[in-house]
Amino acid sequence: MSEAVAKRFGELYGSAPEGVWAAPGRVNLIGEHTDYNDGFVMPFALPHTAVAAVSRRDDGVLRLHSADVEGGVTELRVAGLEPGTDKDWTAYPSGVVWALREAGHEITGADVHLASTVPAGAGLSSSAALEVVIALALNDLYGLGLRRRQLARLCQRAENVYVGAPVGIMDQTAAACCEAGHALFLDTRDLSQRQIPFDLAAEGLRLLVVDTRVKHSHSEGEYGKRRAGCEKGAALLGVDALRDVPYAELDAALERLADDEEILRLVRHVVTEDERVERVVALLESGDPRAIGPVLTEGHASLRDDFRISCPELDLVVDTAVGAGALGARMTGGGFGGSAIVLTEAADVPRVTGAVEDAFAAAGFEAPRVFAAVPEAGARRLG
């Protein structure tokens, strides 16, 4: 793919690129909607990547092209980049250029050709992959000297302010910082990280990703409503963020919110989800990966019933997979569509996959896309 992207760059722009970079999509093992509440998350990187061939320009022009979108090269002036002016896919790479320039870094232009194997709208962070691959390329080409976590922050700012999607820091950090064979235990308050060994194949296990093919969009209103509700809950409880509500004191906190059922549910999900992340970390570090299955299923129930961001297709995956013998399952990503993950014995993969596919057919849903997820490396230069 690297060679193909470099070749197409040459066809578009008339010269070879200065380099080729890649950044992955991600699966979040556990820790959903906790990142913008200063909580804990646990993503790992996928083999699916956004690949970018890039060269610098010194004339203030940004030229963008994607192999995955119909149309020619989009040409923009870096000095004219402003939040809210771009509603197309180009908002993600141009937003990164804007964020770098806003942070004081002199980016004088670039030629970019992109291609991605991260499924868009599947809850696997295709947008963060686009952002991080551009940020890493420009960091290298312009010698900015920014660390991976700094790049992640700038990419989050690009998506929050330039694109207008109120996402937390998890997706960009996963794309920038994950390591092969590990899940990333990330504290989203201070960005401290621990790489947790996550080699399911060695244990005779598989983690399946089931893309329901139901598209979702973070910039739509429901995601923002959940975030605003969490912030209101923190304010009512007198804490900086819901991360500051101790799990042991949750019942008392919920009693204080009894008059606002919607806020109560949001708070309950976030506080219990942070505790689930810590439980999964402890189980993996103790060498008991099978025991995380019920925790995943528990997390799905919380996302479905308290956060209310599931959909019939996601619920069908979870219920069918567990009913067919999977160890656990849950939706992953922002919700309202996208993908679910299923933890199963390797020997049970055909039975579980077949059951899910049959259930979708019986329900009249579009056939899901199912693949095994193997933790891969984060963003890197390919050539």
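With respect to (1) open to solvent by 30 Å² or more (accessible area, probe 1.4 Å); (2) in contact with a Ser or Thr (Cβ under 7 Å, 6 or more places away or on another chain); (3) closer than 15 Å to Thr90 by Cα, the lone exception for Val161 is condition (2).
Quick check: is even one residue across region 72-80 in contact with a helix residue (DSSP H, G or I) (Cβ under 7 Å, 6 or more places away or on another chain), open to solvent by 30 Å² or more (accessible area, probe 1.4 Å), without any contact (Cβ under 8 Å) to a residue 60 or more places away in the chain and not small (Gly, Ala, Ser)?
Here is the first cut: in region 72-80, the ones in contact with a helix residue (DSSP H, G or I) (Cβ under 7 Å, 6 or more places away or on another chain) are 73, 76, 78.
Now drop any that are not open to solvent by 30 Å² or more (accessible area, probe 1.4 Å), which leaves 73, 76.
Still in the running and without any contact (Cβ under 8 Å) to a residue 60 or more places away in the chain: 76.
Filter once more, keeping what is not small (Gly, Ala, Ser): 76.
For region 72-80, residues in contact with a helix residue (DSSP H, G or I) (Cβ under 7 Å, 6 or more places away or on another chain), open to solvent by 30 Å² or more (accessible area, probe 1.4 Å), without any contact (Cβ under 8 Å) to a residue 60 or more places away in the chain and not small (Gly, Ala, Ser): present.
The combined condition, being open to solvent by less than 10 Å² (accessible area, probe 1.4 Å), farther than 14 Å from Ala165 by Cβ and in a loop (DSSP other than H, G, I, E, B), is fulfilled by Ala122.
Being open to solvent by 40 Å² or more (accessible area, probe 1.4 Å), in a strand (DSSP E or B) and over 30 Å from Leu242 (Cα atoms) is true for just one of Arg63, Arg101. Which residue is that? Talk me through it step by step, then tell me what you get.
Numbers: Arg101 fails: in a strand (DSSP E or B).
Residue meeting the stated conditions: Arg63.
Keeping to region 1-16, report how many residues are open to solvent by 10 Å² or more (accessible area, probe 1.4 Å) and within 12 Å of Leu382 (Cβ to Cβ). Counting residues in region 1-16 that are open to solvent by 10 Å² or more (accessible area, probe 1.4 Å) and within 12 Å of Leu382 (Cβ to Cβ) gives 5.
Looking across Leu146, Leu205, one residue alone is out of contact with any His (no Cβ under 9 Å at 6 or more places or on another chain) and among the aliphatic types (A, V, I, L, M). It is Leu205.
Among what's in region 82-98 and is surrounded by fewer than 19 Cβ atoms within 10 Å (Cβ to Cβ), at negative phi and not polar (S, T, N, Q), pick the residue that is farthest from the chain's Cα centre (by Cα). Going through the qualifying residues, I end up with Glu82. Cβ-Cβ contacts under 7 Å between residues 6 or more apart (or on different chains), taken from a first residue in region 14-29 that is closer than 30 Å to Arg279 by Cα to a second residue that is polar (S, T, N, Q) and modelled with pLDDT under 95, are listed as Gly25/Ser125; Gly25/Ser126; Arg26/Ser125; Val27/Thr332; Asn28/Thr332.
Scanning region 17-32 for residues that are open to solvent by 10 Å² or more (accessible area, probe 1.4 Å) and closer than 19 Å to Gly337 by Cα yields a total of 0. Scanning region 314-335 turns up one or more residues that are open to solvent by 40 Å² or more (accessible area, probe 1.4 Å) and either among the β-branched types (Val, Ile, Thr) or touching a Pro at 6+ places or on another chain (Cβ under 8 Å) (or both).
Test Ala16 against the criterion of being over 20 Å from Pro166 (Cα atoms) and either part of a strand (DSSP E or B) or basic (Lys, Arg) (or both), and give yes or no. Write out each step before concluding.
On the way: over 20 Å from Pro166 (Cα atoms): yes; either part of a strand (DSSP E or B) or basic (Lys, Arg) (or both): no.
No: the conditions fail for Ala16.
Residues of region 324-383 that are part of a helix (DSSP H, G or I), out of contact with any helix residue (DSSP H, G or I) (no Cβ under 6 Å at 6 or more places or on another chain) and of a type in the set (Val, Ile, Thr): Val349, Thr353.
Glu231: among the acidic types (Asp, Glu) and farther than 30 Å from Leu284 by Cβ, yes or no? In short, yes.
What number of residues within region 262-298 satisfy the criterion of being under 24 Å from Asp244 (Cα atoms), free of Cβ contacts under 8 Å to residues at least 60 places away in the same chain and among the acidic types (Asp, Glu)?
If we filter region 262-298 for residues that are under 24 Å from Asp244 (Cα atoms), which is where we start, we get 262-283, 295-296, 298.
Still in the list and also free of Cβ contacts under 8 Å to residues at least 60 places away in the same chain: 262-268, 271-272, 275, 279, 282-283, 298.
Next, only the ones that are among the acidic types (Asp, Glu) stay: 262, 275, 298.
Total satisfying the criteria: 3.
Applying a threshold of 7 Å to beta carbon distances and a minimum spacing of six or more residues, or different chains, the list of pairs starting in region 179-203 at a residue that is part of a loop (DSSP other than H, G, I, E, B) and ending at one that is among the aliphatic types (A, V, I, L, M) reads Glu179/Ala377; Ala180/Ala377; Thr188/Val41; Thr188/Ile169; Thr188/Met170; Phe198/Ala183; Phe198/Leu284; Leu200/Leu207.
Could you list, in sequence order, the residues of region 104-118 that are open to solvent by 20 Å² or more (accessible area, probe 1.4 Å) and under 20 Å from Ala373 (Cβ atoms)? Lay out the reasoning, then the answer.
Going residue by residue through region 104-118, those that are open to solvent by 20 Å² or more (accessible area, probe 1.4 Å) are 104-106, 108, 116-117.
Once the filter is applied, which keeps residues that are open to solvent by 20 Å² or more (accessible area, probe 1.4 Å) and under 20 Å from Ala373 (Cβ atoms), region 104-118 yields Ser116, Thr117.
The C-beta contact set for region 140-158 (first residue touching a residue at least 60 places away in the same chain (Cβ under 8 Å), second residue open to solvent by 80 Å² or more (accessible area, probe 1.4 Å), distance under 6 angstrom, 6+ apart or interchain) comprises Leu141/Arg56.
The values are calculated or read from the model by the stated rules, or taken from the named source; none is laboratory data. Everything numeric in this text was worked out from a predicted model, so none of it was measured. Reconstructed Cβ throughout: ideal geometry from the backbone, glycine too, with neighbour counts over all protein chains shown. What goes into the accessible areas is simple: the full protein's heavy atoms, side chains included, and nothing from ligands, DNA or RNA. Shrake-Rupley method; radii C 1.70, N 1.55, O 1.52, S 1.80 Å.
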